[in-house]
Each structure stands twice: as C-alpha cells, then as structure tokens.
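Undergrad: Below are the structure tokens for one structure; questions will follow.
Computed from the coordinates by the stated procedures, all read-outs in this text should not be read as laboratory data. Everything numeric in this text was worked out from a predicted model, so none of it was measured. FYI the Cβ positions are ideal-geometry reconstructions off the backbone, even for glycines, and counts take in every protein chain you see.
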C-alpha cells in the first residue's frame, strides 16, 4: 500500500503543473471558438452547440437554441452550427450554408482573428509592463528577436571531434545564414542544426571581415523524438567579472566588477570561464572538457594568471597569483543544510585535507556512505560540520547531500555579459508587440516552409501534449511574463495553423468559399464530403504521429 501512496505523491506535482498548463491552453481555444460563435450569432446563423473540449459532456446548460457545455477531452473545442455539414444542409434560413459567402467567410475567419488579436494584446502587455531577462531569452528563442543592442551571432567553444570543426567552423566566426536563411538569433541557428541530422548545411560565416561558405553535416544523435542534429558548437559569450571579494588578490591587482575578460594567459575567452560543480559531473557535456582544460592551464603556473581586460575604451593587462575559493550552494531542506552549511560558505577542508576543486566531486561520491567532515569559513571564522545519511543509489544526478559549489579565481567570479533591457511605454509597447507578432508569423511561416520542403520532420512539432508539457515547465522555471509570452505565441500559432488551406481547417473553408465565389456556385456536396473525409483521416494520422513523440518526450521528462 505504501508503494502506491509513494507513486501517487510523486506524481501530484506533475498533475498540478499539467492542470496549470491546461487552463491557459483551454482559454486560447475558448476565445477561438468564441470568435466563431459571436460571428455566427451576428450573421443570424443558428448555433446548436458551443463546446469547450471534445468527447462526452461533463457539464452544460441550454440557453435558447444553443447548448453550452464542457467536454471530457480539454484539448480542443467546437461550435456546431445548423447546416454546417454538407449532408445536413436543407437550404432553410438560419443554416450556415444558407448564409452569404461573405457572412460564412466572416464566421470562419473570426476564430483565427481573435487568436491573432489576443496574441498582439499579450505581447503589448508584456512590453508595456517591463521585460525581464527570462522573457528576453524566451522572446529571442521564439521569434529570433534580440532585445536591446543587436549582438553578432558568433561561435564560441567547439568540441575537437565535433561536426562543426570538421566542417571548418572556427571560434569567433559570425553566423550569417543557413541554407540561404538569415540567422538573427542563436536559437534559430541551434534549431536548424537540431532538425538537420545527417543533412549537409551551407553555413555562411564572416571571419576577419571576409565572408565564406562552409558545408557542415550535423551528427545524428538518438533521442526520444528520433535523431537530432549536433555539431558540438556553443554560442560565444562576452565574459565579465560578476563579483569580487573585498581584499582578494583580484581586487589588489586592480580588477573591477563589470570588466570584460578578453583573454586568460593570452588565450582568447569565447565562453564564461566556469569551474564549479557542473564541470566535474560525470554527465557533463563536451563543453565541460573545454573548461577543465582551461582550469588545468591556469594551474600550470600558480604564481601568476594574466587577464586581458577591456574596460570601456581601455585595454588592460593585469596579473595576480592563482588562488581558488570553493563557495558552497545548498538546496533547501538538504542534508548539507541540516548539518549547518549555508550558501556562501567557503569550503576549505574535507576530512582534514585541503579541498581540491578538481577532485571534490569524486571524493564526495567515494565517501558518500560514510560520515564526512567538511571545514568551511564563514564571516572569517573556521568551522567544521559532519554530514552523513546519504543513502541514494548511484546513477541519480541530483547533488549528493544537496551540496553544490561555485569556484572563484583569485577572489573573482565570472558571468555572461547581459545587455541592458529596454523599457517601453504604452505606445512604444504596442509597436513592439506588433513587431514581435510579425516576427512570430514569419518564424512559423519559415518552419512550415521547411516542413513542406522536407527540411524539417513533423516529429519535431509539438501537439497538445507537447504544448501542455512545455507550458507546465514554463510555470515551474520562469516568471509569469515569460509564461504569458509563450501563451501569446501559441495563440498566434493557432491563428496561422487554422488559416492553412487544409480542408478541415478554417483556411480550407475559406478556400472553398473563394472557389464558390469564382464559380458562382458551391462545390458539389459529394466533393466536399470526400475532401473532408480524406482530410480528417490525414489529420488524425498526423495528430497520432505527433502525439506519439509528445508522449515519449513527456515520459522521458518524468523519468528524469
């Protein structure tokens, strides 16, 4: 019995987040159908049913000629109008088919238009009320729009055996286009690589002021959604000094907060020098090896580390002795916290021996089943506590004892330079919202073109389950403005997809109306039925195909 109770308790957080995801998605569908409903009523068309969701009715009520209900399956909804299906048409007044072509087009277009307007309003709200760093990253990832000062899309560290190196890419290259499509944001480049496993791509770069075309074939890496393309290349970061300890060696050498780090010991810096917990984790990726290599090169001469610094328009070279500070970060309610370790404590000894940052991770794992004495400095005082009780089996990625750490080089910590976020007023926020909407439309349009051209597989698309899963993760990891932006993005996507010339979609209906206007009479009823039946079968097949990969991805996320 306890086993089943544990299972139920473990899935309760996921039920909560999925429920939170369904609410905004259900609202997007609701306003879409509300657009159809409102337009139909305005045009004098009888509406039999207004349903949020599909399948068996859960709750509902009748008002006038219309039944309003909520159905079992929350992903979708519909408005059932009289005479909407070809085999139900009698020519009577109030039927959908009896309305003029203009009225029918108005009813069909109203749903997507409402989604588009809602997306614009959401974007406007976000820009007008203030964009935070999470929102800026999300906006850039979804629309390819960089907020603030425009930065070049440059290559950072590269794996020595990666497809990027084999294709001729070099650190510092500026990415201009992929297969002729301009690249305005790193996420656009990453997505194109991800969806192009084993396919040669023409990547145009600028190197030392000269443009050149390179041909790179992303390596295929297996995943729950099939093969994904990987070239083992990171985006270049501008690294700055994020924090300096008072009186440290770096402070004595003249280093200042916000100094731009251009080189270390004469070696150009392409990514943030980070040497903390994640670098030494066994599951760390190839970029961790790059950081380990830099760590070792710094330690080759402990007497001096040389920094090439940019401070405004001034270039500086500063030297200082090498000294490492290992600073603790503890999880809430963890064993380490219960033992008395706090965020910011400087870890100095492990069972009486001086801590070595490079071996600390492996030492903790070797000693995990035994009491461990950890010495640390807090407020200038040396303290020691004993941690014990870690019984976790091997293979779990969560940190032992709930303890991780950051590493300071000679008293300074590095971070990525982030451009200042712009502020918008009511009018400028509206303009920015319209611009972001247009960029969303062009981004989705480009993806659809790549789908039709076979450059992107449908397995990379997300259906209702995938969208709900992504929305739930948004609620967990980012702020409300980011969640709202994602919802606006999905609403605009729904508008575009519904306007595609697919017979079962709103766009297909508008296409039929255009043909009817040109011919002067409707398409034959039998032809409409055949087209709709074939479209339904194809759409269901695509839905099941996408849902399969969505489900596999969800299971993978739950397991991890």
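Undergrad: Going from the alpha-carbon gyration tensor of the stretch 241-369, what semi-axes, largest first and in whole Å, does one get by taking the root of 5 times each eigenvalue?
TA: After scaling each eigenvalue by five and taking roots: 29, 17, 14 Å.
Undergrad: Rounded to the nearest 0.05, what FRET efficiency do residue 301 and residue 179 give with R0 = 56 Å and r taken as the Cβ-Cβ distance? Could you check?
TA: 0.80
Undergrad: What are the radius of gyration and Dmax of the chain, computed over its Cα atoms and given in Å?
TA: 28.9, 93
Undergrad: Once both axes come from the Cα atoms, what is the angle between helix 133-143 and the longest principal axis of the chain, in degrees from 0 to 90, rounded to 10?
TA: 50
Undergrad: Now, a different point. Before anything else, pin down the relative contact order of the stretch 317-358: Cα pairs under 8 Å, at least 6 apart, normalised by residue count, whole percent.
TA: Relative contact order, the stretch 317-358: 37 percent.
Undergrad: Then there's this: Using a 10 Å cut-off on Cβ atoms, rank the peptides 293-304, 412-423 from the highest mean neighbour count down.
TA: 412-423, 293-304
Undergrad: In addition: Please give the peptides 202-208, 363-369 ranked by average Cβ packing (other Cβ atoms within 10 Å per residue), highest first, as a rough proxy for protection.
TA: Ranked from most to least packed, the peptides come out as 202-208, 363-369.
Undergrad: Over the Cα atoms of the stretch 150-237, each weighted equally, I'd like the Debye log10 I(q)/I(0) at q = 0.15, 0.17, 0.20 Å⁻¹, rounded to two decimals.
TA: Once normalised to I(0) and log-transformed, intensities are -0.48, -0.62, -0.87.
Undergrad: Here is a further query. Using alpha carbons only, how many degrees (0 to 90, rounded to 10) separate the axis of helix 2-42 from the longest principal axis of the chain?
TA: Once rounded, one gets 40 degrees.
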